[in-house]
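Asks: Below is a structure I'd like to ask you about.
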Amino acid sequence: MTANLTLALVAGALIACGVYLITERSLSRILIGVVLASNGVNVLFLVASGPAGGAPIIGLTPGPQMSDPLPQAMVLTAIVITLSVAAFVMTMAYRSFQINGDDEVADDVEDARIAELARADLASESYEEMGFSDTGEDVVSE
Amino acid sequence: MNNLLAVPVLLCLFGAGATFLAGRHPGVQRAVSVTAVAAVCVVAGVLVWLTDSAPLVLWVGDWPQPLGIVLVADRLAALMLLVAALVSLAVLVYATGLDQDEVRRETPVSIFHPTFLLLVAGVSNAFLAGDLFNLFVSFELLLFASYVLLTMGGTKDRVRAGSVYVVVNLVSSALFLVALASCYAATGTVNLADLAVRLAELPAEVRGVLQVLLLTVFGLKAAVFPLSAWLPHSYPTAPAPVTAVFAGLLTKVGVYAIIRTQTLLFPTEPLSLLLGVVGIATMLLGILGAVAQGEIKRMLSFTLVSHIGYMVFGISLATSAALAGAIFYAAHHITIQATLFLVAGLIQRVGGSSSLDRLGGLARLSPLLGALFLVPAMNLAGIPPLSGFVAKLALLQAGVADAGPMAWALVAAGVVTSLLTLYAMAKVWNRAFWGVVPEQATARVTTLSRQGRLLPRLMVGSTLGLVVLALAFTVAAGPMYGYVERSATALFDRSYIAAVLSGGER
């Protein structure tokens, strides 16, 4: 099978742009990135399906000239999934805008706190030193 | 008999539809979803029994083979399905208990049940899928349900956690599609059994690319080390039952997919070195992360990542003894990790917080809660004779039998991780269950117990059920391990391919 170079290049370009946008902070840019990348992947399926042919309907196109219907079915499924993903991400971006005033993917506060403790070489609040007193009672000093 | 394979998925999908329609009748919703998942448990039990003689194959819609969609259950799939269904049932009962009292705050009832059933449908379908595309669709099904469950209520924290989770999974889905397109371009099929036959005829380089692509995709779902950062970031903010079912099922579906694709499609060249290094890193970095945490749910998320490393350990050795260990570990870990997250929910309820800084003296406030935490915690660390010990012992024995330098490194990392897990669990016990009871906790507990709402019966009952299930793994370790060993052996004798391609019953 000879692959179609133009399609492969288009797929590559779309996916590259998509990946660049997905690395952004803002959810709406990420969404555009996801849509671009998934369209790139859909084009990739066209590359995988081999040379283009007639519509794969029995009675309309003779067998050998049909294009492969299976990748088209898969692309169709992928398109439907991308559509619903786009709707969900938009909802989430809007909700984030309602709450925070922007739609940026935020850092984890707890992560930052633990990293800060480590940088300052401090024990976390949940660290404890146990001492044992004469009475047999455990003494916690913090 | 083969039609039984479609039942778990269908039950959940119809259940989801019915509960969605009954949105205004929480009682009906609960009854329908509990019945559906309980029925899935029964069907999965029958499947475990049936598949022990031969794998079951169902060609859905009776399309010319091997073009149509095929559902396959071998021992591995049936066992995972059964454990997953039992855990989902317990979590569902727990959520029902939670419903009755925290409806307004935690889970808007009308969406929870349909989404949960869709999640179970996706998980069941992933275990039963016999072709890569169907596997992709079931991943999308369960991911979509998980997006909704994770961001349920749309509070600030959940939207933050949800956006990371959604973006990461979108990338992994796109990558999965790239892998699918490449597989189809190279072989002209997506049927797993057919792929296994045709991949063997390809040049080794092409096969290698496909193998690494698939491993990356499923590694991301399973949260294997370099791809695991999203998990502790997104799990802890969700309600307790949601986190429990995610922690139990979703990563294990990834592990299952790794086992399935690596052993079936690429039996001759396991990526032992890569998987070994990644397994060690996952175990050690995960558990070191856990030790540093001061919040119970976050700590449990890190132990979850860390213990995925044990399963990778088993897969990397690629012997049937090691895979038996990995499968047993997966079954044990689904149960135990879900239990611990449910207990974390109870801790939050009694203590009013899940941060170790604000908890104390829980063992005095509620000895029952202490027992519910201690048994699974020790089980996770691998104290004999609990199932965690059996699973770890099996993996360590397989490592020692292998005796290569990488196997010894894995054994060492496994032992260290087990010890550090014990340390992390002891830290929780020490801070949350011993020590002085904070004043506001006493007041809170008195008010709640006066209203009879401290530990609702359904919540405690379902958690207790899971603890007992994990103990049953110890009691029935003999027959269960025999079953697991047979399923691991079957992964290497190509009986799966034979069963699917021989035509099967239609």
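Asks: A:Met92 passes all but one of (1) more than 8 Å from chain B (Cβ to nearest Cβ); (2) modelled with pLDDT of 80 or more; (3) touching a Leu at 6+ places or on another chain (Cβ under 8 Å); (4) closer than 28 Å to B:Ser301 by Cα; which number fails?
Replies: Of everything listed in (1) more than 8 Å from chain B (Cβ to nearest Cβ); (2) modelled with pLDDT of 80 or more; (3) touching a Leu at 6+ places or on another chain (Cβ under 8 Å); (4) closer than 28 Å to B:Ser301 by Cα, A:Met92 misses just condition (1).
Asks: Return yes when B:Val500 is surrounded by 15 or more Cβ atoms within 10 Å (Cβ to Cβ) and either among the charged types (D, E, K, R) or touching a strand residue (DSSP E or B) at 6+ places or on another chain (Cβ under 8 Å) (or both) and no when it is not. Spell out the reasoning first.
Replies: On the way: surrounded by 15 or more Cβ atoms within 10 Å (Cβ to Cβ): yes; either among the charged types (D, E, K, R) or touching a strand residue (DSSP E or B) at 6+ places or on another chain (Cβ under 8 Å) (or both): yes.
Answer is yes for this residue.
Asks: Taking the condition assigned to a loop (DSSP other than H, G, I, E, B), modelled with pLDDT of 85 or more and away from chain A (no Cβ under 14 Å), does B:Pro376 pass?
Replies: Spelling it out, it is not the case that B:Pro376 is assigned to a loop (DSSP other than H, G, I, E, B), modelled with pLDDT of 85 or more and away from chain A (no Cβ under 14 Å).
Asks: Here's another thing I want to ask about it. Mind telling me which of the residues A:Asp121, A:Asp103 ends up being acidic (Asp, Glu), at pLDDT below 90 and crowded, with 19+ Cβ neighbours inside 10 Å?
Replies: Only one candidate qualifies: A:Asp103.
Asks: Under 30 Å from the mean Cα position of the chain (by Cα) and at pLDDT below 80: is that true of B:Leu454 in this structure?
Replies: yes
Asks: Can you tell me which residue is nearest to B:Leu464 (Cα to Cα) among those in region B:367-395 that are within 24 Å of the chain's Cα centre (by Cα) and surrounded by fewer than 19 Cβ atoms within 10 Å (Cβ to Cβ)?
Replies: B:Ala371
Asks: Within the bounds of region B:360-377, is there any residue that is without any contact (Cβ under 8 Å) to a residue 40 or more places away in the chain and within 18 Å of B:Tyr94 (Cβ to Cβ)?
Replies: Yes, there is a match, as at least one residue in region B:360-377 is without any contact (Cβ under 8 Å) to a residue 40 or more places away in the chain and within 18 Å of B:Tyr94 (Cβ to Cβ).
Asks: Here's another thing I want to ask about it. Of these, B:Ala121, B:Ala126, B:Ala84, B:Ala90, which one is modelled with pLDDT of 90 or more, surrounded by 20 or more Cβ atoms within 10 Å (Cβ to Cβ), touching a Pro at 6+ places or on another chain (Cβ under 9 Å) and of a type outside the set (Val, Ile, Thr)?
Replies: Exactly one of B:Ala121, B:Ala126, B:Ala84, B:Ala90 is modelled with pLDDT of 90 or more, surrounded by 20 or more Cβ atoms within 10 Å (Cβ to Cβ), touching a Pro at 6+ places or on another chain (Cβ under 9 Å) and of a type outside the set (Val, Ile, Thr), namely B:Ala121.
Asks: I'd like to know if region A:32-52 contains one or more residues that are at pLDDT 85 or above, part of a helix (DSSP H, G or I), away from chain B (no Cβ under 11 Å) and surrounded by 15 or more Cβ atoms within 10 Å (Cβ to Cβ).
Replies: yes
Asks: What are the residues in region B:232-252 that are more than 23 Å from B:Thr96 (Cα to Cα) and modelled with pLDDT under 90, if any?
Replies: B:Pro232, B:His233, B:Ser234
For every residue, the table says whether it meets (1) in contact with a helix residue (DSSP H, G or I) (Cβ under 7 Å, 6 or more places away or on another chain); (2) within 28 Å of B:Leu501 (Cβ to Cβ); (3) within 14 Å of chain A (Cβ to nearest Cβ); (4) at pLDDT 90 or above.
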residue	(1), (2), (3), (4)
B:Thr261	yes, yes, no, yes
B:Gly276	yes, no, no, yes
B:Ala281	yes, no, no, yes
B:Phe302	yes, no, yes, yes
B:Ile308	yes, no, no, yes
B:Leu323	yes, yes, no, yes
B:Gln337	yes, no, no, yes
B:Leu342	yes, no, no, yes
B:Gly351	yes, no, yes, no
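Asks: From the list B:Ala292, B:Ala281, B:Ala238, B:Ala318, pick out the single residue that is surrounded by 24 or more Cβ atoms within 10 Å (Cβ to Cβ) and not acidic (Asp, Glu). Show your work before the answer.
Replies: Working: B:Ala292 fails: surrounded by 24 or more Cβ atoms within 10 Å (Cβ to Cβ); B:Ala281 fails: surrounded by 24 or more Cβ atoms within 10 Å (Cβ to Cβ); B:Ala318 fails: surrounded by 24 or more Cβ atoms within 10 Å (Cβ to Cβ).
One residue alone meets the criteria, B:Ala238.
Asks: Check region B:172-195 and report whether any residue there is more than 9 Å from chain A (Cβ to nearest Cβ), assigned to a helix (DSSP H, G or I), touching a Gly at 6+ places or on another chain (Cβ under 9 Å) and buried (at least 23 other Cβ atoms within 10 Å of the Cβ).
Replies: yes
Asks: Name the single residue that is surrounded by the fewest Cβ atoms within 10 Å (Cβ to Cβ) among those in region B:196-213 being more than 26 Å from B:Ala73 (Cα to Cα) and of a type in the set (A, V, I, L, M).
Replies: Out of the qualifying residues, it is B:Ala204.
Asks: When B:Val166 is evaluated against the numbered criteria (1) surrounded by fewer than 23 Cβ atoms within 10 Å (Cβ to Cβ); (2) within 12 Å of chain A (Cβ to nearest Cβ); (3) among the aliphatic types (A, V, I, L, M); (4) without any contact (Cβ under 8 Å) to a residue 24 or more places away in the chain, which criterion, by number, is the only one it fails?
Replies: Failing condition for B:Val166: (1).
Asks: Taking the condition of being part of a helix (DSSP H, G or I) and either in contact with a Phe, Trp or Tyr (Cβ under 6 Å, 6 or more places away or on another chain) or farther than 11 Å from B:Ile296 by Cα (or both), how many residues in region B:325-357 meet it?
Replies: Residues that pass the stated criteria total 21.
Each row is one residue, and each column tells you yes or no for (1) β-branched (Val, Ile, Thr); (2) surrounded by 19 or more Cβ atoms within 10 Å (Cβ to Cβ); (3) more than 14 Å from every other protein chain (Cβ to nearest Cβ); (4) touching a strand residue (DSSP E or B) at 6+ places or on another chain (Cβ under 6 Å).
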site	(1), (2), (3), (4)
B:Gln397	no, no, yes, no
B:Leu419	no, no, yes, no
B:Val437	yes, no, no, no
B:Val467	yes, yes, yes, no
B:Ala470	no, yes, yes, no
B:Pro479	no, no, yes, no
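Asks: Something else: Given B:Thr251, B:Thr243, B:Thr261, B:Thr268, which one is assigned to a helix (DSSP H, G or I) and more than 22 Å from B:His332 (Cβ to Cβ)?
Replies: B:Thr261
The values are calculated or read from the model by the stated rules, or taken from the named source; none is laboratory data. Worth saying up front: this structure is predicted, and the values here are computed from it rather than measured. Quick reminder, even Gly has a Cβ in these numbers, built from the backbone with ideal geometry, and neighbours come from all protein chains shown.
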